[in-house]
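Sharing a structure with you now.
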Amino acid sequence: MRLRDFIIRRILLAIPVVFGVLTITWFLSHMVGDPVVMYINTNTPASAIPGIIRSHGLDQPPHIQYFIYLNNLFHGDWGESTSMSFRPVTEVIAQRFPATIELALVAMVFAVLLGIPLGIISATRKDQMIDHFTRIFSLAGVSMPIFWFAIMLKYVLYYQLAIMGLPHLPGGYRYDSNRFYWFQYTTGFILIDSLVYAHSIPLFVDALTHLVMPGFCLGYLTMAIITRMMRSSMLEVLREDYITLARAKGLSEKVVIYRHALRNALIPTVTVIGLAFGGLMTGAVLTETIFQWHGLGQWAVSAILSADLAAINGFTLLVALIFVTANLIVDLVYGTLDPRIRFG
Amino acid sequence: MTEEYHLRSDEIPIDPSTVGQFRVLWFLELVVSIMLTILGGILFVGDVTYSIIERLGYPVVPPDWIIGKFAIGFAIAVLGLIAVRIAAALENYEMWTFSALLYVNLISAGSLILTELSTGLYAAVFVLVPVVLLFLPGVKSYWWETFVEDMVPRLREFRYSMHLVRKSPLVVVGIVIIVAFVILALLAPWVAPYGPEERIWADTNLPPGSPSNVPGNPVHYWGTDNSGGDVFSRILYGAQVDLRVAITVVIVAIVIGTFLGAVSGYYGGKLDELLMRVTDVFFAFPGLILAMAIVMALGSRSLENISVALMVTWWPTYARLVRGQVLLEREKLYVEAARSVGASDARILIYHIIPNTIQPIIVQATMDTGAVLLVAAGLSFIGFGPPAGIAEWGLMIAKGQEYFSISPWAVFFPGFAILLVSLALNLVGDGIRDILDPKLRRR
């Protein structure tokens with residue numbers, strides 16, 4: 001009962017936020033370019049343009065246009081993406097969304113699998129050599145220009161290894177389209193498609209190797225954030241009385257840390273993981289551009305550079321929705337991890 | 001033994017023979033304040049008007065000296081208005097007017113120099129005249145002693161902080177890196193062997209440390225890029241550009257964020273509710289995308305527009321931070337004490353609450369300068385920055401990337417510079433968080 005009320009209230013609170021994002025982007029994007037471009041192409045005769053302007057209400061004052069946009073939005077018409085040969089924005093999103101989510105998930109797996117153990121090690125061996133090393137490693141992650149890191153990774157792991165004739169990681173794209181020319185996406189998640197629909201283990205392996213570099217590159221920042229959070233919350237928990245008690249009982253250090261301390265130390269980390277998802281979407285913009293990853297981020301950059309208004313609006317709305325949802329999920333997970341928290 | 005009441009110097013009645021000096025000081029400060037307000041106003045209003053007219057599509061060519069000066073103009077105008085208030089209050093010989101005059105005029109002189117105008121330079125010298133007048137014997141005897149007395153505990157705290165800084169090696173390393181970069185950036189015209197946009201066509205794609213093919217030219221320490229630009233020199237000049245962007249963005253974000261956060265935290269109510277919803281919206285935006293859209297909406301891809309876009313995206317962080325701090329401080333006893341002696345809301349906020357929220361702001365600002373540096377370089381990397389050829393780190397990486405199999409050093413060094421500066425700022429921010437934290441500050 002309480003949980004349901006909490007979810008409903010959170011969704012009601014999220015509505016003005018999403019609405020605000022929508023409004024700001026709409027007005028911003030209409031300063032970027034002329035909206036007529038959304039509906040015409042090079043084959044449109046000049047005489048047809050006034051008719052198009054009138055039929056889409058573009059001769060109306062801005063606020064009326066805005067309401068027309070909202071109306072279309074709620075009817076599932078997000079406009080057409082000019083930079084994607086006038087395909088509907090919703091279709092482009094449906095096609096590219098899996099690519100970005102797949103990359104973000106892999107990045108998150110890297111970040112969590114490396115970040116949490118590093119944080120624990122760093123906290124339990126505070127002020128030792130390994131702690132200093134981990135701290136600098138994670139600070140470097142926070143201060144790393146992701147686009148430069150991507151290029152450098154590519155240079156070493158792809159270009160240099162390839163020159164030396166050694167096995168190397170692929171430098172871009174989602175799979176080797178020369179080898180697997182027959183492949184067609186079904187769900188859009190290549191790791192799923194390759195196994196479930198294409199029944200091809202080599203393709204799966206190939207896709208996995210394509211994911212390693214961009215995934216790690218994108219995940220490094222998140223990993224750094226998780227490591228720092230994990231370290232500080234672990235240190236805080238280890239100072240608590242119940243930890244002293246557990247040690248006094250004669251429990252081994254392993255049990256104290258992994259059974260008693262970890263659960264409480266994880267709580268703030270989970271929040272950070274949830275919030276970092278928004279950061280991953282931003283990082284994806286740069287990573288996808290460098291690794292020719294045909295995802296949402298790459299689309300967003302080309303959309304802004306070519307004044308593709310509908311695409312800008314669509315992408316921003318989508319990211320805002322993801323962000324709001326991630327926040328909601330974080331709050332719910334928070335409640336299960338920490339029973340002391342009452343929703344209300 | 002009874003404690004004798006020690007008269008502070010500002011409680012001593014004015015010596016009639018020195019009133020003349022005070023009148024001169026008052027008059028000059030009044031002139032200075034009016035001058036600052038007008039000068040800042042011209043820069044701010046002029047730049048904004050020109051860009052609006054340009055945006056509307058009229059062919060105007062703004063004079064060179066006004067382009068991109070709106071932020072610094074705004075700052076100077078605000079300082080001018082504060083100076084007007086100081087000049088008006090000088091007549092009452094209140095202690096705060098003297099120290100405030102000292103600070104405000106020094107900051108104004110600095111901002112005037114930052115405008116890079118020759119008028120600005122003359123004005124800066126003029127603004128410093130009242131500061132010199134403060135040290136006339138008659139005026140000085142009135143405020144100096146109390147000022148020093150007030151400064152002693154602060155100085156002691158500052159010395160203690162310096163002591164803690166010296167004890168943490170990582171902070172020292174960070175400070176050394178930052179100071180080195182700032183000095184190198186300032187001295188670039190003298191240190192750099194080549195000019196920022198100089199192209200030696202005979203020297204394309206030379207590896208680091210190789211001599212120039214043109215006889216008599218200096219060695220290319222860090223190699224050359226595909227169009228014969230000296231990487232080392234371009235990085236030094238790029239430091240000027242990138243550091244200035246990062247610092248201005250953070251300062252403007254702090255000013256806007258502190259003002260809005262403090263006001264909304266202090267008064268609460270509808271205004272607060274509205275501001276928090278607005279910041280929610282900004283936090284739900286993908287920051288990079290918002291900045292890109294703003295750059296495009298502003299009309300042209302340039303560093304100035306990147307700065308504006310980042311200012312717009314960054315102020316909510318500070319609004320949130322300051323608001324939270326103000327909510328905590330508002331309930332404390334010293335605020336109530338100030339209120340009970342009749343201090344105005346503005347006075348309580350500016351003189352009592354905001355100084356107590358400054359520490360988290362400093363920590364956040366240090367780390368954010370690194371973050372802004374990354375985002376600004378990222379924006380110019382994907383093509384939202386200045387036109388090709390300008391020495392800017394992000395752009396250098398973008399251009400070098402096209403030839404990175406031939407001259408990888410043209411990509412490596414600029415990126416490494418970004419990493420180094422940003423890492424240094426994070427090290428310092430991380431370290432001073434612990435140093436400034438009163439809970440961890442044991443004596």
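The values are calculated or read from the model by the stated rules, or taken from the named source; none is laboratory data. Worth saying up front: this structure is predicted, and the values here are computed from it rather than measured. Reconstructed Cβ throughout: ideal geometry from the backbone, glycine too, with neighbour counts over all protein chains shown. SASA here: full protein model, heavy atoms, side chains in, ligands and nucleic acids out. Shrake-Rupley method; radii C 1.70, N 1.55, O 1.52, S 1.80 Å.
Where residues in the range B:213-236 are open to solvent by less than 10 Å² (accessible area, probe 1.4 Å) and part of a loop (DSSP other than H, G, I, E, B), which of them is nearest to B:Gly394 (Cα to Cα)?
Step by step, filter the range B:213-236, then rank; the result is B:Gly229.
For the range A:76-115, which residues satisfy the criterion of being open to solvent by 30 Å² or more (accessible area, probe 1.4 Å) and closer than 16 Å to A:Leu318 by Cα?
Those that are open to solvent by 30 Å² or more (accessible area, probe 1.4 Å) and closer than 16 Å to A:Leu318 by Cα: A:Gly76, A:Asp77, A:Trp78, A:Glu80, A:Pro88, A:Thr90, A:Glu91, A:Ala94, A:Gln95, A:Phe97.
Now, a different point. On the given criteria, is A:Gly297 assigned by TED's automatic domain parsing to the domain that holds A:Phe323 and modelled with pLDDT under 85?
no
Among the residues of the range A:246-268, which ones are farther than 17 Å from A:Gly119 by Cβ and open to solvent by less than 30 Å² (accessible area, probe 1.4 Å)?
A:Ala246
Return the total of residues in the range A:300-344 being touching a strand residue (DSSP E or B) at 6+ places or on another chain (Cβ under 8 Å) and either surrounded by fewer than 16 Cβ atoms within 10 Å (Cβ to Cβ) or in a helix (DSSP H, G or I) (or both).
Qualifying residue count for the region: 4.
Spot the failing condition for B:Phe181; the list is (1) open to solvent by 40 Å² or more (accessible area, probe 1.4 Å); (2) within 15 Å of B:Leu236 (Cβ to Cβ); (3) modelled with pLDDT of 85 or more, and only one is missed.
Against the list (1) open to solvent by 40 Å² or more (accessible area, probe 1.4 Å); (2) within 15 Å of B:Leu236 (Cβ to Cβ); (3) modelled with pLDDT of 85 or more, B:Phe181 comes up short only on (1).
Just to be sure, is B:Ile362 surrounded by fewer than 19 Cβ atoms within 10 Å (Cβ to Cβ) and touching a residue at least 60 places away in the same chain (Cβ under 8 Å)?
Yes; evaluated as a whole, the condition is true for this residue.
Scan the range A:1-45 for residues that are more than 8 Å from chain B (Cβ to nearest Cβ), open to solvent by 30 Å² or more (accessible area, probe 1.4 Å) and of a type in the set (A, V, I, L, M, F, W, C) and report the count.
Selection size over the range A:1-45: 12.
Out of the range A:131-144, which residues are in contact with a helix residue (DSSP H, G or I) (Cβ under 6 Å, 6 or more places away or on another chain) and more than 7 Å from chain B (Cβ to nearest Cβ)?
Scanning the range A:131-144 gives A:Asp131, A:Thr134, A:Ser138, A:Gly141.
Starting from the range A:33-61, keep only residues that are more than 23 Å from B:Leu56 (Cβ to Cβ), then list their pairs with residues that are of a type in the set (Gly, Ala, Ser) and outside any loop (DSSP other than H, G, I, E, B) whose Cβ atoms are within a distance under 8 Å, requiring at least 6 positions of separation or different chains.
Sorted first by the residue in the range A:33-61, then by its partner, the pairs are A:Ile40/A:Ala48.
Check B:Ala388, B:Ala343 and return the single one that is hydrophobic (A, V, I, L, M, F, W, C), open to solvent by 60 Å² or more (accessible area, probe 1.4 Å) and at pLDDT below 90.
B:Ala388
Any residue in the range A:221-229 that is buried (at least 21 other Cβ atoms within 10 Å of the Cβ), assigned to a helix (DSSP H, G or I) and among the basic types (Lys, Arg)?
Taking every residue of the range A:221-229 in turn, at least one turns out to be buried (at least 21 other Cβ atoms within 10 Å of the Cβ), assigned to a helix (DSSP H, G or I) and among the basic types (Lys, Arg).
Also: Report the residue count in the range A:145-204 for those that are part of a loop (DSSP other than H, G, I, E, B), away from chain B (no Cβ under 14 Å) and under 24 Å from A:Ile101 (Cβ atoms).
The qualifying residues number 18.
Next question, about the same structure. Somewhere in the range B:269-286, is a residue part of a helix (DSSP H, G or I), aromatic (Phe, Trp, Tyr), surrounded by fewer than 22 Cβ atoms within 10 Å (Cβ to Cβ) and away from every other protein chain (no Cβ under 14 Å)?
No - not one qualifying residue is present in the range B:269-286.
Tell me, please, whether a residue that is in contact (Cβ under 8 Å) with a residue 60 or more places away in the chain, touching a helix residue (DSSP H, G or I) at 6+ places or on another chain (Cβ under 6 Å) and within 13 Å of chain B (Cβ to nearest Cβ) can be found in the range A:323-336.
Scanning the range A:323-336 turns up at least one residue that is in contact (Cβ under 8 Å) with a residue 60 or more places away in the chain, touching a helix residue (DSSP H, G or I) at 6+ places or on another chain (Cβ under 6 Å) and within 13 Å of chain B (Cβ to nearest Cβ).
So is A:Ala265 farther than 30 Å from A:Gly141 by Cα, part of a helix (DSSP H, G or I) and modelled with pLDDT of 85 or more or not?
no
Something else now. From the list A:Leu70, A:Leu139, which one is assigned to a helix (DSSP H, G or I), outside the structural domain of A:Asp193 (by TED's automatic domain parsing), open to solvent by less than 20 Å² (accessible area, probe 1.4 Å) and at pLDDT 85 or above?
A:Leu70
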